[in-house]
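Remarks on the structure that follows.
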Protein chains: 2
Amino acid sequence: MLASKLYSPTLRELPSDAVVMSHKYMLKAGMMRKIANGTYAYLPLAFRSIQKIENIIRTEINKTGAQEILMPIIQPAEIWQATGRWNVYGEEMFKLKDRHGRDYCLAPTHEEMVTTLIQMDTNSYKKLPVSVYQIQNKYRDEKRPRFGLMRSREFIMKDGYTFDADEEGMNKQYELMYDAYTRIFTRCGLKFRPVIADSGAIGGNASHEFEVLADSGEADIVYCKDCDFAANIEAVKPNTLTSDVKNDKEKEIVQTPGQHTIEKVCNYLHLPVKSSVKAVVYKLDDTVVLAMVRGDHEVNEVRLQSIYNAINVDMASDEDLKACGLTAGYISPIGLKTSEHFDIICDASVMEMQDACCGANVKDEHYIHVNPARDFGNVKVDTIRQIDAGDVCPHCGGKIVLTKGIEVGQVFKLGTKYSEKLDATFLDNNGKSRPMFMGCYGIGVTRTVAASIEQNHDENGIIWPVAIAPYEVVIVPANNKSEDVMKAAEGLYNALESSQDEIVFDDRAERAGIKFKDADLIGYPLRVTIGKKWQESGCVEIKLRRTGEVFEVPYENCVEKVEELLNYLRENNL
Amino acid sequence: MLASKLYSPTLRELPSDAVVMSHKYMLKAGMMRKIANGTYAYLPLAFRSIQKIENIIRTEINKTGAQEILMPIIQPAEIWQATGRWNVYGEEMFKLKDRHGRDYCLAPTHEEMVTTLIQMDTNSYKKLPVSVYQIQNKYRDEKRPRFGLMRSREFIMKDGYTFDADEEGMNKQYELMYDAYTRIFTRCGLKFRPVIADSGAIGGNASHEFEVLADSGEADIVYCKDCDFAANIEAVKPNTLTSDVKNDKEKEIVQTPGQHTIEKVCNYLHLPVKSSVKAVVYKLDDTVVLAMVRGDHEVNEVRLQSIYNAINVDMASDEDLKACGLTAGYISPIGLKTSEHFDIICDASVMEMQDACCGANVKDEHYIHVNPARDFGNVKVDTIRQIDAGDVCPHCGGKIVLTKGIEVGQVFKLGTKYSEKLDATFLDNNGKSRPMFMGCYGIGVTRTVAASIEQNHDENGIIWPVAIAPYEVVIVPANNKSEDVMKAAEGLYNALESSQDEIVFDDRAERAGIKFKDADLIGYPLRVTIGKKWQESGCVEIKLRRTGEVFEVPYENCVEKVEELLNYLRENNL
């Protein structure tokens, strides 16, 4: 490909409205353009990376025996109503009507559709297992689309589904896919971790997320230094912490004028934060829920949602607080009455405290010497806090580490949740009708592109793993005005390009400095420069983008050296 | 691929709700399933054919210098409003709102989007030409989705767009694409014709359709036996026919009780049909239009639409007729007054008649001896009839032939229609701002699958051209119970499969008859049978699906013979 023809309009400045580096660099390198909020057009460079990821996925998923299909994006409401998810997805689902007024949605995922499809023709255990997948656009009307391809409203996903006669079969498929996912992300050159996940809105019995480790990730993940435990923080039930503080005193009201945050109160009363109780008020569907955790802990909202089996999780409004008799900034469960629409839940570790401080439900007043087990009355108790850096591994008691990840894939054991609701049954070998055991498996293809950049970049631009780089090599003639240089560069281009469509020849009438900058920005794994050195000594320079290493080789050995370096990168997933 | 694993649930009966053969066979062969009206899931066999067509497209379109991109399906209303097509598409466009109430549509085509996209970064003649394309789902909420993939609401399209500095550049791109399209459909093994087309709702200066010749086609096309003229009937302006009938008589009313069709009246009055005038009443947007053609002619609605620059073309309702003083079955332009909302248009050939019969606008009465030029008063005259079998070639006067086609591709010279409306301008080498010259080029990928089947099938099933067959070869062991047969078949499968992923081994525990039926239905180009002959004489049978020819070859020569036959098919686009 000639750089003069390549449609990759690079920008001179980093776009200021982009926050994360993948977003900035994809815009700057001319890989994509924003069309609407959370909606992008992928230009040739991005398209090539996407296609390479898709091909890696196809190769590895086909090895599991799965077959590629393509299901509609636009789907009738009925199948979503049958599983109840027409409402579960709420505003996050794009909905529309056809010319006859019938309801449709743009699929955010395909469990309903694939179950309906496979059910049509699969009625006997003899036809099981079935394993299918597809790669196509998905749609989610995110409340806050952001970070470019990390959280967009239209994105490319690979989604696979398996159907088995029993749990054992399902578990086997799950393992096959887990292994395939591991191979896929390894081949994509990513540093990642499979972690235990909550199954969330998809549902089911077990789930793992594949998290690319990157500081800009939105997922909080935790792993153990001593055993192989790794999980999304949302999926971890931390140990209940006991307290050795003894307290015989009765609770007592103290004045705390203007001290309406945990930090202020504790500071004002000279108490450690962990001796206070933090109140967070949620609206879970129609129920206002007052959640109490220790002052130094955070609420695990996903657990809360699952405990209350709620579809929507929001913060309670001022009106909600008032209606329940709560005073913002000074909230206390003491003396409150729960009702059908108001509940109180306390983290188990709170109930172990003996001398706590908490709000008094009156402006500028707090309680001290509170013993929750004694003073909170009849409240629900469960583990609702997030694990944090002070905790130990819930498996082995070892040292845990908190880090950030970008979720690029997730695998689920669904069990019979969807097959029961959508009548996906089969006759077993005794002629008895039984629901199929399902699994589902997703990879965010466009998000994988972004995650790769989040993990692989420097101040000059992108550093592509060779397997998913838009092109593998750029050839830069440093002096466009020298006919000899251009001829030599072109000769190299023809020699390399003949074997594969992976080389860009920067034939543009630009200064060498601009070409080098663009080469670093776009992130070609190898840059071959024909410059002064070549004119002086017949040597070309081959630069490894990832390490910055430069190899000077005689012109006639260049093709061989390029192949050697590419093979090295390929073999090491770099 | 083992047939026992392949997800292609064949049906025993032809689905009765399908009308055309591609629809019937794709359902019967387990290639697809209907999900909603005009919406299908593509199962593995269909997906493979689709993928092969896409790969042929990619190879040939890349040769033109075009680059593959991917643009959003979900598009903001604003860009469609800017060109006026938000209304032009009307009910045929799926529209929706996001969670913030903003208007979007599901793109039926991408002129607005691509023009907006390219405009963002292309501001100088130095950056032109630009040529991009994509392959993705398109959406049209058809009034009557039908014929399976021939007219569905969600379908896969390849759409390409070029941007040039001048008309000459545009014309060059058009030729490149025209040639690429010719290569694509040739490689797909289709008998097709490029024909002159009307540019319709897309607009522009020139257009060709690529029509696959098939009786079940919805497009009426016409070509000349003597020159290379070929056109969609809608795009042809036939010659004006003169008449040698002389008539001095005044028009006269005759009684025609119950004779409310052309055929009945002419029969009743013993007049040839071509001496009558046919009246058809349309509603073109807000205007009722009475269109008059000779009794043996048909109205060209596309021309009518273009003459009146109308967005919507419908038949007029009974109320419309009444409001304009028209009597259904006996309509006449004589004595009528046109208005802002009612117009009369006469085909030029009607104005050449001298002794015609037409309605009298009174029930059971007709005029005879009508001379339209004398009697019709002040009506609009234009060529509004369709060409028909009685006409001559408008180019050379030669013999023309009418036939049916399935439109699988279309190329357009758009000129500056979109670039002007969407500010896609550039600075020319004099620093002057000018709009870009555009072209657009579409291929219906899923429709090509259907068109291929319409053209290539027999009473037993599909006859795939080898280039787009889901698999190239099926190996059928005729006797599952013989271990020797199974072993021999498996040996052959392993030998063939090792070189490519194009072989199905029918390992199912079914009778040979069922396997043969399925092989014919699915339409593998080659069937290799290991049966009695092999047990008797060591020979396998290789059957060519297209011709029915059977080759008996010794087992040890089978691989070679299969390769030879596949090469023959490939080289001849069969």
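The values are calculated or read from the model by the stated rules, or taken from the named source; none is laboratory data. In this text the structure is predicted, and so the values were computed from the model without any measurement. All Cβ positions, glycine included, derive from the backbone under ideal geometry; neighbour counts span all protein chains shown. Accessible surface is based on the protein model in full, side chains and every heavy atom, while ligands, DNA and RNA are left aside. Shrake-Rupley method; radii C 1.70, N 1.55, O 1.52, S 1.80 Å.
Taking 7 Å steps out from each Cα toward its Cβ at B:E54 and A:K63 produces label points 2.2 nm apart.
Can I get the semi-axes of the protein assembly as shown's equivalent ellipsoid? Compute them from the C-alpha gyration tensor as square roots of 5 times the eigenvalues, in angstrom, largest first.
Working: eigenvalues 704, 317, 246 Å².
Here the semi-axes work out to 59, 40, 35 Å.
A label point on A:T242, set 7 Å along the Cα-to-Cβ line, lies at 11.5 nm from each of its counterparts in the other copies, closest listed first. Overall dimensions of region B:357-486, expressed as equivalent-ellipsoid semi-axes from the Cα gyration tensor (√(5λ), whole Å, largest first), are 51, 37, 15. When A and B come together, around 4700 square angstrom of accessible surface is lost from both chains combined, probe 1.4 Å. Sorting B:429-437, B:3-11 by their mean Cβ neighbour count within 10 Å, with the most densely packed peptide first, gives B:3-11, B:429-437. Neighbours of A:D375, meaning other residues whose beta-carbon lies under 14 angstrom from its beta-carbon, give a summed charge of -2 when Lys and Arg score +1 and Asp and Glu score -1. Projecting the Cα positions of A:T327, A:G101, B:I118 onto the charge dipole of the protein assembly as shown (unit charges on Cβ atoms of Lys, Arg, Asp and Glu, taken about the Cα centre) puts A:T327 furthest along the positive direction. For the pair region A:489-522 and region B:410-475, the centres of their Cα atoms are 31 angstrom apart. In the frame of its principal axes, region A:432-574 has Cα extents of 81, 30, 24 Å, reported largest first.
If Lys and Arg each add +1 and Asp and Glu each add -1, what is the summed charge of the other residues whose beta carbon sits under 12 Å from the beta carbon of B:F426?
Values: positive: B:K126, B:K127, B:K432, B:R434; negative: B:D121, B:D164, B:D166, B:D423, B:D428.
Taking every other residue near B:F426 into account, the sum is -1.
Under 19 Å of direct C-alpha separation, and excluding same-chain neighbours fewer than eight residues apart, A:K251 reaches these aspartates and glutamates: A:E352, A:D355, A:D364, A:E365, A:D375.
For B:A495, the label point sits 7 Å beyond Cα toward Cβ; its separations from the matching points on the remaining copies run 4.2 nm, from shortest to longest. What a 1.4 Å probe finds exposed on region B:471-571 is 47% carbon and sulfur by accessible area, rounded to a whole percent. Between region A:136-191 and region B:189-258, the C-alpha centres lie 52 angstrom from each other. On a 23 Å Cα-Cα criterion, which of the cross-link pairs B:K24/B:K561; A:K127/B:K34; A:K34/B:K63 come out too long? As for pairs spanning more than 23 Å Cα to Cα, those are B:K24/B:K561; A:K34/B:K63.
Segment A:K249..A:S433, full-extension length gain: 59.9 nm, with 0.36 nm per residue of separation and the alpha-carbon distance subtracted. The long axis of helix B:512-522 is offset from the longest Cα principal axis of chain B by roughly 40 degrees. Distance between the modelled labels on A:T261 and B:K533, one decimal in nanometres: 8.6 nm (7 Å Cα→Cβ projection). Taking Cα atoms only, the orientation of helix A:167-187 departs from the longest principal axis of chain A by about 50 degrees. Region A:328-380 and region A:1-47 have Cα centres spaced 52 Å apart. Distance between the 7 Å Cα→Cβ label points at A:R570 and A:E556: 2.6 nm.
What is the mean number of Cβ atoms from other protein chains located within 10 Å of the Cβ atom of each residue in peptide B:117-123, rounded to a whole number? Walk me through the intermediate numbers first.
On the way: counts 6, 4, 0, 5, 8, 2, 1.
Mean inter-chain Cβ contacts per residue within 10 Å come to 4.
Scanning chain B for cysteines with no neighbouring cysteine C-beta under 4.7 angstrom from their C-beta gives B:C105, B:C188, B:C266, B:C324, B:C346, B:C357, B:C358, B:C440, B:C539, B:C558. Amide H contacts of A:D343: A:V288, A:V289, A:L290, each under 5 Å away and 5 or more positions distant or on a separate chain (H built 1.01 Å from N in the peptide plane; Pro and chain starts excluded). Normalised by residue number, the volume inside the convex hull of the Cα atoms of chain A is 200 Å³ per residue.
The C-alpha atoms of chain A define a longest principal axis, and helix A:483-497 lies at about 60 degrees to it.
Restricting to DSSP H runs of at least four residues, report the calculated mean residue ellipticity at 222 nm for the protein assembly as shown, -39500 (n - 2.57) per run over all residues, nearest 500 deg cm²/dmol.
-8000 deg cm²/dmol
Placing a label point 7 Å from the Cα of B:K399 along the Cα-to-Cβ direction, the residues of region B:207-249 whose backbone N falls under 11 Å of that point are B:225-226. Only lysines eight or more places from A:K264 in sequence, or on another chain, were considered; those with a Cα closer than 18 Å are A:K274, A:K278, A:K363.
Positive contributions from Lys and Arg (+1) and negative ones from Asp and Glu (-1), summed over other residues with Cβ under 14 Å from the Cβ of B:Y223, come out at -2.
When a 1.4 Å probe is rolled over the protein heavy atoms, the share of accessible surface on region B:162-308 that falls to carbon and sulfur comes to 46 percent. Take each peptide in B:105-117, B:484-496, count the other Cβ atoms within 10 Å of every residue, and average; sorted highest first, the result is B:105-117, B:484-496.
Pairs of Lys residues in region B:389-523, spaced 8 or more positions apart or belonging to different chains, with C-alpha separations under 20 angstrom: 6 in total. Copy-to-copy label distances for A:G397, where each label lies 7 Å from Cα along Cα-to-Cβ, are 10.7 nm in order of increasing length. Chain A residue nearest the axis that carries A onto B, by Cβ, with distance in whole Å, is A:L96, 2.
At R0 = 56 Å, how high is the FRET efficiency between A:D423 and A:M486 if r is their beta carbon distance? Nearest 0.05 is fine. Please report the intermediate quantities before stating the final value.
Numbers: r = 68 Å, r/R0 = 1.22.
Efficiency for this residue pair is about 0.25.
Once you sort the root eigenvalues of the Cα gyration tensor of region A:232-288 as a ≥ b ≥ c, which label holds: rounded (a/c under 1.5), prolate (a/b larger than b/c) or oblate (the other case)? Here region A:232-288 falls in the oblate category.
Take region B:471-571 with all the other protein chains still there, run a 1.4 Å probe, and you get 47 Å² of accessible area per residue.
Per residue, how much accessible surface does region A:283-387 expose to a 1.4 Å probe? Answer in Å², no decimals.
Working: 4380 Å² over 105 residues.
Accessible area per residue: 42 Å².
Available extension along the chain between A:D458 and A:D179 is 97.4 nm, counting 0.36 nm per residue and deducting the alpha carbon span.
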